[in-house]
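Every read-out reported here was derived from the displayed coordinates using simple, explicitly stated rules and does not represent laboratory data. Bear in mind the structure is a predicted one, so any value in this text is a computation, not a measurement. Here the Cβ is made from the backbone with ideal geometry for all residues, glycine too, and neighbour counts use every protein chain on show.
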Amino acid sequence: MLAKAKEEWEQEIVDKQSEKERYLAERITPLHTSGLSLSQLQDLCRELHEKVEIVDEERYDIEAKCNHNTREIKDLKIKVLDLRGKFKRPPLRRVRVSADAMLRALLGSKHKVSMDLRANLKSVKKEDTEKERPVEVGDWRKNVEAMSGMEGRKKMFDAAKSPTGQ
């Protein structure tokens, strides 16, 4: 099947190439410039130049029409969307389903065990969270004065060096 498709594809390529050559031979006549005088060559160049100008004008006109049609299509698409109006989504209702009902819906009648999801939760005592941590409140200026200069840096270096603090 693939071999047949490949053969058809190759045949199609050959057909397109032969069609292209036939069309070009029909539309474009070969130039015979040998044995022409200077004035005849100039006339030939003028004719070719006029043909190029005509083709260029046609191309420009077609391009302008294409751009105009593209803009018109965009405008019509916008009008269609405006005429349709905006789609309003319906308000969704919140559905409360217990874990047992959800498992029953998913598993069918096979599910017999009831699940209590709250039984496995960790209980937290309020006392633990409300304990105040002792905060040392001191004069910050004394600490800054003690650590300023080379003396303070030496103290920090010594403190970092010994794990006991002194």
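Descriptive notes on the structure:
- Expressed as a whole percent, the proportion of Cα-Cα pairs in the stretch 32-99 lying more than 21 Å apart is 67%.
- Inter-probe distance in nm under a simple model that places probes 7 Å from Cα toward Cβ, at LYS74 and GLU53: 3.4 nm
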